[in-house]
C-alpha cells in the first residue's frame, strides 16, 4: 500500500490563490525576520543599558522584548497556515530583515532608545507594505495580524521617541 504524500501548498484551498499565499508568506517572513531582529536588539539593550535612566530603561526594554518574543509565534504560524515554511535561522533572518543587527559595542542609553525607535518604525513599514497584497487576496486573518502589529510598533515608537524630546 502506497503512503500518502504530505499535502503540497498548491493543494490548500482556503480561498487565497497559491500565488497570493506565496507573496503573503514572503512578506510575513520579512516581518518575522524584522520582529526577531528587533527582539534581539531590544534584549541586548536590556542587558547592557547603563546610566541615570538604567532602571526605567531596563524595565521598559524587558516589557518590549517580551512583547516581541510573544509576537514571533503568531507570525510564523500564519506563514504555516498559508502552506509555507517559516524561516528560523539567523542566516535567513539576516537575509530577510530590513533592520540592521545590534551594534557590537553597546551605545549610550539614549542612542539605544533612538535605535529602537528606528527599529519599531522599520517593522511598521514592513507590516504596512504587505497590506496591498493581503487586501487584494481578502486575507482577513493576516490583515488582522498586521493591524495588531502596527498598533504595537507605532505606539512603542511614539513612547520611545518621547524619551528623546527635551
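Throughout, read-outs are computed from the coordinates displayed, never taken from laboratory work. Remember, it's a predicted structure, so these values are computed and weren't measured experimentally. Note: ideal-geometry Cβ built from the backbone for every residue, glycine included; neighbour counts use all protein chains shown.
Multiplying the residue separation of residue 140 and residue 73 by 0.36 nm and removing their Cα-Cα distance gives an extension gain of 22.3 nm.
Label separation (residue 105 vs residue 80): 4.2 nm, computed from points 7 Å beyond Cα along the C-beta direction. Relative to the longest principal axis of the Cα atoms of the chain, the long axis of helix 54-81 lies at roughly 10 degrees. Angle of helix 109-129 to the longest C-alpha principal axis of the chain, folded into 0 to 90 degrees and rounded to 10: 20°. Among 90, 39, the ranking by other beta carbons within 10 Å of each residue's beta carbon, starting with the fewest, stands as 90, 39. Taking 48, 13, 70 in turn, the Gaussian network model of the chain (Cα-Cα springs below 10 Å) assigns the largest fluctuation to 13. Against the chain, whose longest principal axis comes from its Cα atoms, helix 18-48 is set at around 20 degrees.
Kirkwood-type hydrodynamic radius, the chain: 16.9 Å, calculated from all non-identical alpha-carbon pairs.
The order of 112, 60, 53, going from fewest to most other C-beta atoms within 10 Å of their C-beta, is 53, 60, 112.
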